[in-house]
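Colleague: Provided herewith is a single structure, encoded as structure tokens, for subsequent inquiry.
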Protein chains: 2
Amino acid sequence: MNGWNRQKQDRDARLGAAATSASRKIVAADQAKALLEAVIRPGDRVCLEGDNQKQADFLAECLAAVDPQRIHDLHIVQSGLVLQAHIDLFEKGIARKLDFSYSGPQGAAIARALTGGRIELGAIHTYIELFARYFVDLTPHVALIAAVEADHAGNLYTGPNTEDTPTIVEATAFKSGIVIAQVNRIVDTLPRVDIPGDRVDFVIQVDRPFYVEPLFTRDPAAITETQILMAMMAIKGIYAEYGVTRLNHGIGFPTAAIELLLPTYGETLGLKGRIATHWALNPHPTLIPAIESGWVQQVHCFGSEVGMDNYMSARPDVFFTGHDGTLRSNRLLCQTAGLYACDMFIGSTLQVDLMGNSSTVTTGRIAGFGGAPNMGSDARGRRHPSPAWLKAGREAVDEPTTLTRGRKLVVQILETFGDKMTPNFVETLDAVAMAKDLHFELAPVMIYGDDVTHIVTEEGIANLLLCRGPGEREQAIRGVAGYTEVGRGRDPVAAEDLRRRGIIRRPEDLGIDLLAVSRQLLAARSIEDLARWSGGLYRPPSRFRNW
Amino acid sequence: MNGWNRQKQDRDARLGAAATSASRKIVAADQAKALLEAVIRPGDRVCLEGDNQKQADFLAECLAAVDPQRIHDLHIVQSGLVLQAHIDLFEKGIARKLDFSYSGPQGAAIARALTGGRIELGAIHTYIELFARYFVDLTPHVALIAAVEADHAGNLYTGPNTEDTPTIVEATAFKSGIVIAQVNRIVDTLPRVDIPGDRVDFVIQVDRPFYVEPLFTRDPAAITETQILMAMMAIKGIYAEYGVTRLNHGIGFPTAAIELLLPTYGETLGLKGRIATHWALNPHPTLIPAIESGWVQQVHCFGSEVGMDNYMSARPDVFFTGHDGTLRSNRLLCQTAGLYACDMFIGSTLQVDLMGNSSTVTTGRIAGFGGAPNMGSDARGRRHPSPAWLKAGREAVDEPTTLTRGRKLVVQILETFGDKMTPNFVETLDAVAMAKDLHFELAPVMIYGDDVTHIVTEEGIANLLLCRGPGEREQAIRGVAGYTEVGRGRDPVAAEDLRRRGIIRRPEDLGIDLLAVSRQLLAARSIEDLARWSGGLYRPPSRFRNW
């Protein structure tokens, strides 16, 4: 081979091998396995598209069915390891090495496979971090992706669930890799072109639509009064005080409660138009009442959400949509928006330690990171000021100057106790023990304490920006940790001093009457309410329908 | 207008207005001004594509020629404000507000226009930060872009200079904006599709190619022995010690010297394959010898570089290229790669203060930031370990644990004195005085001191990671600041203590013989040498040709 053109020659050889099974760009579904066996080589870096939402599930099953004698030791480089087929790759020896971001339902299976030596883990990433490595040292040789429609030239319409596809395809196609797409339909004319056909080598029409998980749907019926209290504190004590207009919400009931309180409680505080106007967010159904009430100016989405497509098509002033009328999502761009153009990230977590480090690791489960560490970190390359960002930065120092940079507000919202009354505040994260057990160089910390600015529990808000030194910080965290052991370990004098200085704030300090906390405050109290708010445009998945 | 569809109705109204002057997608060049007057409205956010390299220069001139009675008070949101036409927009009142990243040659004109009240400045951004805001609160209403070729459906081929185009078009087209492209040629069949035609509203063929600035070309003939000494220290004292494989270089002669020393000095140190293998980098001509010597495995590029296109087409194993054989660059993706997938940024600066803050601002000039603050910052959302990153993180603390995260290596390389013997080390950055004069909320700091890990001068390397506290940090900086006033203000005892602890390292501490420092070490000593290394594939722009 020519010394400078080996990749393109290798690509041609693979396409040549595929020619025996696929003479054209369009390949029959029953030839899919043969195609994969023809174009994939042992040791290849393979990206099987799939994040926390859309999945190239047919191609995943095909890859899990190839002959491990022919294809083995693959290096899987992809956002999500969430399907049984993904795990099967490792169980069968088809794949060996793994670099990923999110596991969701397969967290326990990954932990078992790691312990059993069937997965050799590169690292757990945030999405944008893994995408970044696609262009540096983890460029895929083969990408197996999913789209809604293809035309005969291989142009792809990914529709509302565009998500990771453009990034995966760009990394693979422009480095002489092979791109194979499963599509729901092959049509003569696409509604729009999301991926140009000259980047796509093979298209396979599959007789079932690619799978999409409704991960960002939270049923308002399950929101508790404790969560409503925390949401009220967050709105009054953080959103309003910093004037947060550009933000991202993580998944979870407390943030769903905030979304549902904007048009009610937020309205009574006179905050409409002053907070929460511009979002980097998945299309949470619980945002519908705020949108319908005119709170939301613009939302850019990582992905879509099952049932929300018609609603978003009918609200193009708010959402990014194509000229065809449907949503255009893009995970990389939305993660970038969350990192650099949002003033706040607020999300739930499962464990917080005395330094404010948090983790969603629980014993025997590797949940991955997804997007939270990216959104929940201070973008130190940011140079544009905003009132919220400047105020946060100035709180962290005694004498601000024009050299004092701002800070991203990173808020952790959680109840002091979780399921089965396990304390959410701990001396040491479970992630530390896991790192030791599995010989990780780094404990899988979701958000580091030095990036967290506020912790909200039912007991109050701890403003970590105002703390001077680790001692005060620890007392501030203990001071909102309720009746957990960490909370009971507080120094009562120190806690009262912090409260006097406004570092710890109780509901009563914020003028929130505990008796007024009620589910009646929620703009929608059920999925049916959300559908009604949307004028019937939101079509909840059947598992959420009970009327 | 319908309450939820105003943007699309507005878009239709603009397209309707354009129909009088342009009945089809292809518009004649002499109709361009009329088209702009038809589709742009006062107060619009407009992105005139142009960064530090490519420019939609024809469209910039057309916009500067519109009737200010019809089009005024535009809000310019774009990477670069570098052409005379860009400044004219503000001088004529066509534009009023500005959010940008980079000014280059117009830095003095911007400062004058700001002082004169003709520009209302939003903020100076890093590229990726401005792109992020395109999806949150600075979405363009109109994008005026540049491509090499279009077909009759409006599909665009941007060729090697793809750069910002996909990001600008995505933000504009998917939020009901108008996209107008100037192209060098209209053809029947494109070499490849960089931008799908359904995102492009109008195409204008212009009788001269869009302008590209050869910003990243450094003539090896101008590299001094002082720069070679600094480059040797950086290679031996930083690249080798941390095992830096994934990196970005800023613009400048010291980093050009490093590139040219890899195949010579680096080879003698046995570092080939152990450092500098994977790059997020513009196609610096000075990297050619390292590529030809087999040092470089992969390079992803922000943009192209004048004269490098044929060379890159002939080296597809190293560069990202399309199936048509030419480079695919992408500024957003490469900035993301630099932020999240590189272990080191090294760049030159003009001023460093006692805390290590640096700036390229000089009196009366607003140079902008470009990409450096993004690349030169610690990505706190990063979760994947690498040896270089872990070592840097562990040096910064006394007792590392699995909760100790790593650090991006951020290296500033500069001579102690600059042009006309002005000291590069100062007590207070000129940027601070500028912020006061112009009432900026933030001084325009390029890289903040708390992100800098090493400073390299001809006097030595200061490792700021190993400093404990601001006092040591100041002495470490003074300790490499030579005969500047800052350098002469050092405490000699403290400096010797820092040297003993390896925090300050002199050339002799690194085993570098000052007598061996010579231009003979450069793998190429002229532009002609670079062209020769490339086998004639690199075609330097005429201004760099003197043979």
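Colleague: Counting only DSSP beta bridges with both residues in segment A:21-212, tell me the antiparallel percent, nearest 5. Show your work: numbers first, answer last.
Modeller: On the way: 6 of 35 bridges.
Percent antiparallel among DSSP bridges in segment A:21-212 is about 15.
Colleague: As a footprinting exposure proxy, order B:PHE417, B:PHE253 by other Cβ within 10 Å, with the fewest listed first. Mind dumping the intermediate values first?
Modeller: Working: B:PHE417 19, B:PHE253 22.
Starting with the residue having the fewest Cβ neighbours, the order is B:PHE417, B:PHE253.
Colleague: Turning to a different aspect of this structure: State, to one decimal in nm and shortest first, how far the label point of A:PRO191 sits from each corresponding label point in the other identical copies (label point: 7 angstrom along Cα-to-Cβ).
Modeller: Label-point separations across copies, in nm and ascending: 3.4.
Colleague: Rounded to the nearest 5, what % of the DSSP beta bridges within segment B:343-505 are antiparallel ones?
Modeller: Details: 11 of 19 bridges.
Taking every DSSP beta bridge within segment B:343-505, about 60 percent pair in antiparallel fashion.
Colleague: Put +1 on the Cβ of each Lys and Arg and -1 on the Cβ of each Asp and Glu in segment B:343-505; which of B:THR422, B:GLN475, B:ILE503 then has its Cα farthest toward the positive end of the dipole?
Modeller: Looking along the dipole axis, the top candidate is B:ILE503.
Colleague: Give me a single rounded figure for B:321-333: the average over its residues of other chain Cβ atoms within 10 Å of their Cβ.
Modeller: On the way: counts 5, 5, 8, 1, 2, 0, 1, 5, 1, 5, 0, 4, 10.
Partner-chain Cβ atoms within 10 Å, mean over residues of B:321-333: 4.
Colleague: Place a +1 charge on the Cβ of each Lys and Arg in segment A:220-527 and a -1 charge on the Cβ of each Asp and Glu, then give the dipole magnitude about the Cα centre in debye, rounded to the nearest 20. Spell out each step's value before the answer.
Modeller: Numbers: 30 positive and 34 negative charges, 136 e Å.
Its charge dipole is roughly 660 debye.
Colleague: To continue, here is another question. Cα centroids of segment B:39-67 and segment B:396-463: how far apart, whole angstrom?
Modeller: 35 Å
Colleague: Starting from a label point 7 Å past Cα on the Cβ side, list the distances from B:THR264 to the same position in the other copies, nm, shortest first.
Modeller: Listed shortest first, these distances are 7.4 nm.
Colleague: Just to be sure I follow the rule: in segment A:220-527, considering lysines 8 or more places apart or on different chains, how many pairs have Cα atoms under 23 Å apart?
Modeller: Values: A:LYS236/A:LYS272; A:LYS236/A:LYS391; A:LYS236/A:LYS408; A:LYS272/A:LYS391; A:LYS272/A:LYS408; A:LYS391/A:LYS408.
Taking the Cα cut-off of 23 Å, the pair count is 6.
Colleague: Ratio of the protein assembly as shown's C-alpha Rg to 2.2 N^0.38 Å, to two decimals? Mind dumping the intermediate values first?
Modeller: On the way: Rg = 28.2 Å, N = 1094, 2.2 N^0.38 = 31.4 Å.
Rounded to two decimals, the normalised Rg is 0.90.
Colleague: A follow-up question, please. So in the protein assembly as shown, what percent of DSSP beta bridges are antiparallel if you round to the nearest 5? Display every interim value, and only then the final one.
Modeller: Numbers: 38 of 136 bridges.
If we restrict to bridges inside the protein assembly as shown, about 30 percent are antiparallel.
Colleague: Percentage of Cα-Cα pair distances in segment A:441-484 greater than 14 Å, rounded to whole percent? Don't skip to the end; give the middle numbers.
Modeller: On the way: 475 of 946 pairs.
More than 14 Å apart: 50 percent of the Cα pairs in segment A:441-484.
Colleague: How high is the relative contact order of segment B:421-508, in percent, counting Cα pairs under 8 Å that sit 6 or more residues apart?
Modeller: 27 percent
Colleague: Applying the Karplus parametrisation 6.51 cos²θ - 1.76 cosθ + 1.60 with θ = phi - 60° to the phi angles of segment A:289-297, what ³J(HN,Hα) value in whole Hz is obtained for each residue in order, glycine and proline being reported as x?
Modeller: x, 5, 5, 5, 8, x, 6, 9, 8
Colleague: Further question on the same structure: In what sequence do B:GLU213, B:GLU399, B:GLU508, A:GLU241 fall when counting other Cβ within 10 Å, fewest first? Mind showing how you got there, number by number?
Modeller: Values: B:GLU213 21, B:GLU399 6, B:GLU508 10, A:GLU241 16.
Ranked by crowding around the Cβ, least crowded first: B:GLU399, B:GLU508, A:GLU241, B:GLU213.
Colleague: How big is the charge dipole of chain B about its Cα centre, in debye rounded to the nearest 20, if each Lys and Arg gets +1 on its Cβ and each Asp and Glu gets -1 on its Cβ?
Modeller: Details: 57 positive and 65 negative charges, 130 e Å.
It works out to roughly 620 debye.
Colleague: How high is the relative contact order of chain A, in percent, with contacts defined as C-alpha pairs under 8 Å that are six or more residues apart?
Modeller: 13 percent
Colleague: Same structure again: Treating the point 7 Å from Cα along Cα-beta-carbon as the label, what are the nm separations from B:ALA222 to the other copies, to one decimal?
Modeller: From this label point to the equivalent ones elsewhere in the assembly: 6.3 nm.
Colleague: Over the alpha-carbon set of segment B:343-505, divide Rg by the Kirkwood Rh and report the Rg/Rh ratio to two decimals. Kindly include the intermediate steps, with their values, before the conclusion.
Modeller: On the way: Rg = 15.9 Å, Rh = 16.2 Å.
Checking Rg against Rh, the ratio lands at 0.98.
Colleague: Quick one: 3J(HN,Hα) in Hz for segment A:300-314, Karplus 6.51/-1.76/1.60 with θ = phi - 60°, rounded, Gly and Pro as x.
Modeller: Karplus values, whole Hz, x for Gly and Pro: 9, 10, 5, x, 9, 8, 3, x, 8, 4, 5, 4, 5, 4, 8.
Colleague: Using a/c under 1.5 as the rounded threshold, could you call segment B:282-407 rounded, prolate or oblate? The axes a ≥ b ≥ c are square roots of the C-alpha gyration tensor eigenvalues, and prolate needs a/b larger than b/c, oblate otherwise.
Modeller: Numbers: a/c = 2.29, a/b = 1.36, b/c = 1.69.
Since a/c reaches 1.5 but b/c is at least a/b, the shape of segment B:282-407 is classed as oblate.
Colleague: Another one. Quick one: Debye curve from the C-alpha atoms of segment A:21-212, no solvent, what's log10 I(q)/I(0) at q = 0.16 Å⁻¹?
Modeller: Summing over Cα pairs of segment A:21-212 leads to -0.92.
Colleague: A further question follows. State the answer as a single residue: which of A:TRP533, B:PRO385, B:VAL203 lies farthest towards the positive end of the charge dipole of the protein assembly as shown, with beta carbon charges of +1 for Lys and Arg and -1 for Asp and Glu, about the Cα centre.
Modeller: After comparing all options, I get B:VAL203.
Colleague: Now for a separate question. Can you compute the charge dipole magnitude of segment B:24-212 about its Cα centre, using +1 on each Lys and Arg Cβ and -1 on each Asp and Glu Cβ, nothing else charged? Give it in debye, rounded to the nearest 20. Each step should come with its number before you reach the end.
Modeller: Working: 18 positive and 25 negative charges, 64 e Å.
So the dipole magnitude of segment B:24-212 works out to roughly 300 debye.
Colleague: Suppose we consider the axis relating copy A to copy B; can you name the residue of A with the nearest Cβ and state that distance in angstrom as an integer?
Modeller: Of all Cβ atoms in chain A, the one nearest the axis gives A:PRO196, 3.
Colleague: For segment A:220-527, take the alpha-carbon Rg, divide it by the Kirkwood Rh, and send me Rg/Rh.
Modeller: Details: Rg = 18.9 Å, Rh = 19.8 Å.
So for segment A:220-527, dividing Rg by the Kirkwood Rh gives 0.96.
Colleague: List the lysines whose alpha-carbon lies under 20 Å from that of B:LYS8, not counting same-chain residues fewer than 8 positions away?
Modeller: By straight Cα distance, B:LYS8 reaches B:LYS25, B:LYS175.
Colleague: Only Cα pairs under 8 Å and at least 6 apart count here; give the relative contact order of segment B:343-505 as a rounded whole percent.
Modeller: 28 percent
Colleague: Name the lysines eligible as straight-distance cross-link partners of B:LYS92: C-alpha to C-alpha under 16 Å, and not fewer than 8 places from it in the same chain.
Modeller: Leaving aside lysines fewer than 8 places away in the same chain, those within reach of B:LYS92 are B:LYS33.
Colleague: How big is chain B by Rg and Dmax over its Cα atoms, in Å?
Modeller: Both quantities, over Cα of chain B: 24.3, 79 Å.
Colleague: Quick check on chain B: helices-only [θ] at 222 nm, where DSSP H runs of length 4 and up contribute -39,500 (n - 2.57) each and the sum goes over total residues. Nearest 500, please.
Modeller: Values: 19 runs with 153 residues, N = 547.
So the helix-based figure for chain B works out to -7500 deg cm²/dmol.
Colleague: OK, next. What is the set of long-range amide H partners of B:GLY370 at a cut-off below 5 Å, with H atoms built 1.01 Å from backbone N?
Modeller: B:TYR102, B:TYR127
Taken together, the values in this text are just the output of simple stated rules run on the coordinates, not laboratory data. This one's a predicted model, so the numbers in the text were calculated from it and none came from an experiment. Here the Cβ is made from the backbone with ideal geometry for all residues, glycine too, and neighbour counts use every protein chain on show.
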